[in-house]
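Written out below as C-alpha cells is the structure these notes cover.
The values are calculated or read from the model by the stated rules, or taken from the named source; none is laboratory data. In this text the structure is predicted, and so the values were computed from the model without any measurement. Virtual Cβ from ideal backbone geometry, glycine too; neighbours counted across all protein chains shown.
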There are 2 protein chains.
Amino acid sequence: MPLLGLLPRRAWASLLSQLLRPPCASCTGAVRCQSQVAEAVLTSQLKAHQEKPNFIIKTPKGTRDLSPQHMVVREKILDLVISCFKRHGAKGMDTPAFELKETLTEKYGEDSGLMYDLKDQGGELLSLRYDLTVPFARYLAMNKVKKMKRYHVGKVWRRESPTIVQGRYREFCQCDFDIAGQFDPMIPDAECLKIMCEILSGLQLGDFLIKVNDRRIVDGMFAVCGVPESKFRAICSSIDKLDKMAWKDVRHEMVVKKGLAPEVADRIGDYVQCHGGVSLVEQMFQDPRLSQNKQALEGLGDLKLLFEYLTLFGIADKISFDLSLARGLDYYTGVIYEAMLLQTPTQAGEEPLNVGSVAAGGRYDGLVGMFDPKGHKVPCVGLSIGVERIFYIVEQRMKTKGEKVRTTETQVFVATPQKNFLQERLKLIAELWDSGIKAEMLYKNNPKLLTQLHYCESTGIPLVVIIGEQELKEGVIKIRSVASREEVAIKRENFVAEIQKRLSES
Amino acid sequence: MPLLGLLPRRAWASLLSQLLRPPCASCTGAVRCQSQVAEAVLTSQLKAHQEKPNFIIKTPKGTRDLSPQHMVVREKILDLVISCFKRHGAKGMDTPAFELKETLTEKYGEDSGLMYDLKDQGGELLSLRYDLTVPFARYLAMNKVKKMKRYHVGKVWRRESPTIVQGRYREFCQCDFDIAGQFDPMIPDAECLKIMCEILSGLQLGDFLIKVNDRRIVDGMFAVCGVPESKFRAICSSIDKLDKMAWKDVRHEMVVKKGLAPEVADRIGDYVQCHGGVSLVEQMFQDPRLSQNKQALEGLGDLKLLFEYLTLFGIADKISFDLSLARGLDYYTGVIYEAMLLQTPTQAGEEPLNVGSVAAGGRYDGLVGMFDPKGHKVPCVGLSIGVERIFYIVEQRMKTKGEKVRTTETQVFVATPQKNFLQERLKLIAELWDSGIKAEMLYKNNPKLLTQLHYCESTGIPLVVIIGEQELKEGVIKIRSVASREEVAIKRENFVAEIQKRLSES
C-alpha cells in the first residue's frame, strides 16, 4: 500500500483505528474486505487535506460559478430558445442528474470513458448524465410512451480535459428538443431543422449553415469504399473530427491507429470532399458505387424528400448536404445535422472566434428499443442547441462593445435625506413590495442621501421615493427621476398609484 | 473476495483478464495495487448487470423524472418565488453541481454523512452539493465579495432514506435568497421574514406561522440549564426534532444517546414549551436564569428590534418567538426561523397532509470566514423555500379538485379535410411560426379531419386553420374556434393578422 507512506501521523492513527473496526457483514471475518480498506484510505487522505491550514478555495476542475452578469445573458438566451421550443408545441420535462450506470453505458461510442461515476456508497452504481438524449429514451421506454414532443434544458457532465478558452467545460448546459413517435418520413426531421434556423436567426449570431447527411449514407459510403463492418463506428468517429482536423491527419488516424487500408481511406477521402444542395443528392443517386448500396439509396431518398420540405419552410438555402458530416455518437440511425456559424463579425479589438458547431442532432430510431425489455422501437429525431458556445459568443461581443447589463430589476429606491427615518422607510418599502413593485433601500439606520443616490445610479434604478421631515409634515412623498433629476411631490396616499403609472409609461 | 462467487462465468473470465494486465506505474510490480483490483471487480459487476437479458429500467433510488404535468406546476410556483426574490433586488447566480469534498465537510453537523461523493477517477475528491448556502459562502470568500444580495434556484442532493409519500427525495430543488454584508442590525433579517410571508401568502397555501428564535438564545439556554459546551451542537440537533418527535422521545435521545444529565434535560424541557409574541421576549429578559447569560441577552435584544421592524412591515402577527426552534445545521450564529403551514384545507377525499416546515433560514456570520485564508468574516442572513413540499401540496390539491393543466401552449392547429395537402400545410405553419405564433400540425401526409380536430380538443388548442381544395381555389383560409365550432373564411394574405387579433383578444 504505497499511499500510506505519504500520510501525516494523525491521519495514520485515524487509518489504523478504522482498520481495527469490526469486519462488515459480508466479510468472512478472517480478511478485511476491500471496500473497508479503500474507505479508510480515503478518509485519511481527506483528514490530511483538512489539516493543511490554508486549503485552496476553488471550484472543481473544469467547472465555474456563474456570476449575476453571466446569469442575465443566459436568461435572455434561454428564454429565446425555450419560447421557440414552445412555439413548436413541445412539453417541458426533467430527469435526475444521475442515472444507473448501466443505463448510460455503451450508448456514446468512443467518448464514453469520460463519464463521471458516483462513489459506490453501498447502493446502486450511478453516473452523472452525459447528455439529455439517453435519459429521454430511458424515460420513454420506462413509461411506455410511444409519442411525445418534449424539450429539456439542463446540466450535463463530461470529464473532458477542459479547453476553457473555447467555452468548453466539464459541466455545461444543454437545450434539447426531440420528437418521438412513428410518423410519415421527414416531416418531424424537417421541423427540427426549421427550429435550428429560427433559434440561430433569432439570436442574431450572424450567418450560419447547417450541414446535413444521413447515417445510412455514411455507412453505405464506408461499405462501398471497402471499410470492414466491424470498423464502421470507429471510422465514423474519425470522420467526425474533420471539422477540427485536416484530412491528412484524419487519414493518418484511420490508417495507423485504426488499421484501415490506405486505398480504402483514399476512396473515403474522395467522398468527404463533396458538399452542396439538393443537386448533390441527385448526383449521388448516379454515383456508380454509392448507387449500388441499398442503405445509401434509402438515405438519399429521404434527403431528397427532406429538401422538398425545407424549401416549403423557406430554409433550403441554409442547408448543405455534406458527406464529411458523420457525428460521433453511436445512436444515430438516419438524418444527421450540425449548424456552424459562418463567421462572427470581428470588430476592432475582438479576438477572432472559432466556435464551430453551435447546434446539432439527428434521427435515432433504435435507442428507445435498447431500453425496452421486448426491444419495441420508438423512432426519434431531435436537436441540441450548444448554448454554452452561444453564451460565450454573446458575452465576448458585449465585452467588446463595452455593453453593461443590469443584474437586478429594481424599479424604485426608498431614500431619506434625514436621520432617524428608518421606520418611515420600512413602512414605505413594504407598501411598494405589497403592490408588486420591485424596491430596495439601504440596510442602514442613517445613510447619507448622496450614498443612496449613488447606489441608484450605479445599479440603474430609475425612480427614487424620498421621505424626510418636510414631506412627513406635508403628508407627501417626493418622487425623483434618477435620469432627469426632476422631483415632484405626490400625496402620500397616491404615491403607489403614481409610481405604477410612471413605470407602465416607461 | 466473497463477491466473486456471485459472478457469472463470462464475467469471471473478464475479471481474470483484467487482473492479468500489467501493473500500474505506482505499483511495486510484485503486488497488484488496490485500485486495479477494485476497478476490475466493478467492471465485472457491471458486465454481469448487462448480461442479464432484462435489466431493470428505473431512475436511481430516491429520484424521479418530472413529467410535463409536474413541470407546469413547478414553473408556476418557481415563477412566483423568483419574481418575489427579484422584487427585493436579488441577483441570480449559479454554482457547479459538485464541490471539492473539503469545501463541504464539517459544515452540516450530524447530517453530513449523507453526502453523495463522486468516484475518485484520478483527480480531485468531489461531492454533490448538499445545499446552496455553503457554495454561496465559498463563492463570496473565493471572489472576496463583501456585499451581495442574491437568489439561487437549483438542485441539491442528500442520501437520505426517501420518504416519498411526504415529498422527500434524494434529489430536490432549493430556492434560496441571501443577503451578505455588514449592515445595521436586523434590517436584512426582517426583510427575509417579509419575503417568506410574501411567498407563502402569494402561493395561497392557507394559514401559516413563522417560528423565530436565535442561536445565541438556544446556546444561552443550554448554558444556564447546565449543558456542557462540548454537547451544544449535539443537543441542538436533538431539539431540532421537536416538530416531528414528542418531548419524551427527544428527552430520551438527549439523556440516553447523548449522555445528558436528566435534570439538565428537564430544565431545557421547561424552556422549550415557551412560545409567543414580543411579550415573551420581554418575559425572557426577566427570566432569572436566562437574564444572567450575555449571549442570550444579545439574542433577546435583537429579537426585540426584529419584532419592531416586523410590525412596520405589517407581518408581526405571522411570527411566533418559539424557544423550541433550534435548526439542525451547524453554521447558524444568530436569528433562526422556520415557516409552518398551520393546516391545509382538507376536502372530501383529500388525505390530511402533514407537511411541516415549508421555508426556513437564519443568520450565519461565521461561514464565509471558514473559507477565507485570513478568516475575514462576511455576515450573512438568508432563507430557503421548501419548494418540493409546496409542489407536492399544490399537486395533491389539483388532483383532488380534478383540475387539468395544459402541458403545451399551442395556439393554432393547421388542418386539412383533404388528401395531398401536406405542402400547403407546411407553408401555412411556417408562416405562423415565423410570425411568432405557437402552432402544431400532425406529422402525417394524409390525416383524417376528425383525428386532427380531436387532437385540438384533447390538448386544448383554441384555434384551427383549415386549408382544402375549396379554400385554395377561393384564396382563403378557414379559421375555426374549437370551443364554439364556428368557422369563418379569411383571405389568405390576411390570415396571420386575423389570428394575431383573435389571440390578443382572448
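Name the helices (runs of 4 or more DSSP H) wholly within segment B:397-475 that hold at least 2 residues that are within 14 Å of chain A (Cβ to nearest Cβ) and touching a residue at least 24 places away in the same chain (Cβ under 8 Å)?
B:422-434, B:449-459
Given the conditions (1) surrounded by fewer than 20 Cβ atoms within 10 Å (Cβ to Cβ); (2) closer than 30 Å to residue A:439 by Cα; (3) facing another protein chain (nearest Cβ under 7 Å), and given that residue B:147 satisfies all but one, which numbered condition is not satisfied?
Among (1) surrounded by fewer than 20 Cβ atoms within 10 Å (Cβ to Cβ); (2) closer than 30 Å to residue A:439 by Cα; (3) facing another protein chain (nearest Cβ under 7 Å), the lone unmet condition for residue B:147 is (3).
Tell me which of these residue B:78 doesn't satisfy, since it passes every other one: (1) farther than 21 Å from residue A:155 by Cα; (2) part of a helix (DSSP H, G or I).
Looking at each condition in turn, residue B:78 falls short on (1).
Among (1) among the acidic types (Asp, Glu); (2) within 12 Å of chain B (Cβ to nearest Cβ); (3) touching a His at 6+ places or on another chain (Cβ under 7 Å), which single condition is residue A:176 missing?
All conditions pass for residue A:176, except number (2).
Quick check, is residue B:276 free of Cβ contacts under 8 Å to residues at least 12 places away in the same chain and closer than 25 Å to residue B:200 by Cβ?
Details: free of Cβ contacts under 8 Å to residues at least 12 places away in the same chain: no; closer than 25 Å to residue B:200 by Cβ: yes.
Considered against the rule, which asks whether it is free of Cβ contacts under 8 Å to residues at least 12 places away in the same chain and closer than 25 Å to residue B:200 by Cβ, residue B:276 comes out as no.
Take the residues of segment B:317-374 that are of a type in the set (A, V, I, L, M, F, W, C) and assigned to a loop (DSSP other than H, G, I, E, B): which is modelled with the lowest pLDDT?
B:348
Could you check residue A:155 against (1) within 12 Å of chain B (Cβ to nearest Cβ); (2) part of a helix (DSSP H, G or I); (3) surrounded by fewer than 21 Cβ atoms within 10 Å (Cβ to Cβ); (4) out of contact with any Leu (no Cβ under 8 Å at 6 or more places or on another chain) and say which number it fails?
With (1) within 12 Å of chain B (Cβ to nearest Cβ); (2) part of a helix (DSSP H, G or I); (3) surrounded by fewer than 21 Cβ atoms within 10 Å (Cβ to Cβ); (4) out of contact with any Leu (no Cβ under 8 Å at 6 or more places or on another chain) applied to residue A:155, the lone miss is (2).
Restricting to segment A:123-136, give me the number of residues that are aliphatic (A, V, I, L, M) and more than 10 Å from chain B (Cβ to nearest Cβ).
Adding up the residues that qualify gives 2.
List pairs: first residue in segment B:128-139 and outside the structural domain of residue B:386 (by the TED database) and more than 14 Å from residue B:170 (Cβ to Cβ), second residue at pLDDT 95 or above and acidic (Asp, Glu) anywhere in the structure, Cβ distance under 7 angstrom, at least six positions apart or on different chains.
Partner pairs satisfying both residue conditions: none exist.
Give me the pairs: first residue in segment B:279-301 and farther than 14 Å from residue B:216 by Cα, second residue polar (S, T, N, Q), beta-carbon distance under 9 Å, and six or more apart or on different chains, which are they?
B:280/B:320
In segment B:62-76, how many are within 7 Å of chain A (Cβ to nearest Cβ), of a type in the set (S, T, N, Q) and over 16 Å from the mean Cα position of the chain (by Cα)?
Selection size over segment B:62-76: 1.
For every residue, the table says whether it meets (1) surrounded by 15 or more Cβ atoms within 10 Å (Cβ to Cβ); (2) free of Cβ contacts under 8 Å to residues at least 24 places away in the same chain.
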residue	(1), (2)
B:176	yes, no
B:221	yes, no
B:232	yes, yes
B:244	no, no
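Could you list all residues from segment B:476-486 that are among the aliphatic types (A, V, I, L, M) and either assigned to a helix (DSSP H, G or I) or within 45 Å of the chain's Cα centre (by Cα) (or both)?
Once the filter is applied, which keeps residues that are among the aliphatic types (A, V, I, L, M) and either assigned to a helix (DSSP H, G or I) or within 45 Å of the chain's Cα centre (by Cα) (or both), segment B:476-486 yields B:479, B:482, B:483.
Since residue A:141 meets every condition but one in (1) more than 8 Å from chain B (Cβ to nearest Cβ); (2) in a helix (DSSP H, G or I), which condition does it not meet?
Failing condition for residue A:141: (1).
Look at segment B:77-115 and say how many of its residues are without any contact (Cβ under 8 Å) to a residue 60 or more places away in the chain, more than 26 Å from residue B:235 (Cα to Cα) and more than 9 Å from chain A (Cβ to nearest Cβ).
1
Can you tell me which of (1) part of a helix (DSSP H, G or I); (2) facing chain B (nearest Cβ under 7 Å) is the one residue A:59 doesn't meet?
All conditions pass for residue A:59, except number (1).
Identify, by number, the condition in (1) in contact (Cβ under 8 Å) with a residue 60 or more places away in the chain; (2) over 26 Å from residue B:143 (Cα atoms); (3) not aromatic (Phe, Trp, Tyr) that residue A:118 doesn't meet.
Among (1) in contact (Cβ under 8 Å) with a residue 60 or more places away in the chain; (2) over 26 Å from residue B:143 (Cα atoms); (3) not aromatic (Phe, Trp, Tyr), the lone unmet condition for residue A:118 is (1).
Just for helices (runs of 4 or more DSSP H) wholly inside segment A:187-287: which have at least 2 residues that are in contact with a Cys (Cβ under 7 Å, 6 or more places away or on another chain) and within 14 Å of chain B (Cβ to nearest Cβ)?
Where helices (runs of 4 or more DSSP H) fall fully within segment A:187-287 and carry at least 2 residues being in contact with a Cys (Cβ under 7 Å, 6 or more places away or on another chain) and within 14 Å of chain B (Cβ to nearest Cβ), they are A:187-202.
How many residues does segment A:288-315 contain that are among the hydrophobic types (A, V, I, L, M, F, W, C), out of contact with any strand residue (DSSP E or B) (no Cβ under 9 Å at 6 or more places or on another chain), within 14 Å of another protein chain (Cβ to nearest Cβ) and assigned to a helix (DSSP H, G or I)?
Keep residues of segment A:288-315 that are among the hydrophobic types (A, V, I, L, M, F, W, C), which gives A:290, A:296-297, A:300, A:303, A:305-307, A:310, A:312-313, A:315.
Filter again for out of contact with any strand residue (DSSP E or B) (no Cβ under 9 Å at 6 or more places or on another chain), leaving A:290, A:297, A:305, A:312-313.
Those still in the list that are within 14 Å of another protein chain (Cβ to nearest Cβ) too: A:305, A:312-313.
Filter once more, so that each one left must be assigned to a helix (DSSP H, G or I): A:305, A:312.
Of the residues in segment A:288-315, 2 are among the hydrophobic types (A, V, I, L, M, F, W, C), out of contact with any strand residue (DSSP E or B) (no Cβ under 9 Å at 6 or more places or on another chain), within 14 Å of another protein chain (Cβ to nearest Cβ) and assigned to a helix (DSSP H, G or I).
In this structure, is residue B:370 under 30 Å from residue B:103 (Cβ atoms), more than 9 Å from chain A (Cβ to nearest Cβ) and either touching a residue at least 12 places away in the same chain (Cβ under 8 Å) or of a type in the set (Val, Ile, Thr) (or both)?
Spelling it out, residue B:370 is indeed under 30 Å from residue B:103 (Cβ atoms), more than 9 Å from chain A (Cβ to nearest Cβ) and either touching a residue at least 12 places away in the same chain (Cβ under 8 Å) or of a type in the set (Val, Ile, Thr) (or both).
If you take the residues in segment A:89-137 that are of a type in the set (A, V, I, L, M) and assigned to a helix (DSSP H, G or I), which one is surrounded by the fewest Cβ atoms within 10 Å (Cβ to Cβ)? Break it down stepwise before answering.
Within segment A:89-137, the first condition is being of a type in the set (A, V, I, L, M), and the residues that meet it are A:90, A:93, A:97, A:100, A:104, A:114-115, A:118, A:125-126, A:128, A:132, A:134, A:137.
Among the residues that remain, those that are also assigned to a helix (DSSP H, G or I) are: A:104, A:114, A:134, A:137.
Working: A:104: 22, A:114: 15, A:134: 23, A:137: 25.
The residue in question is A:114.
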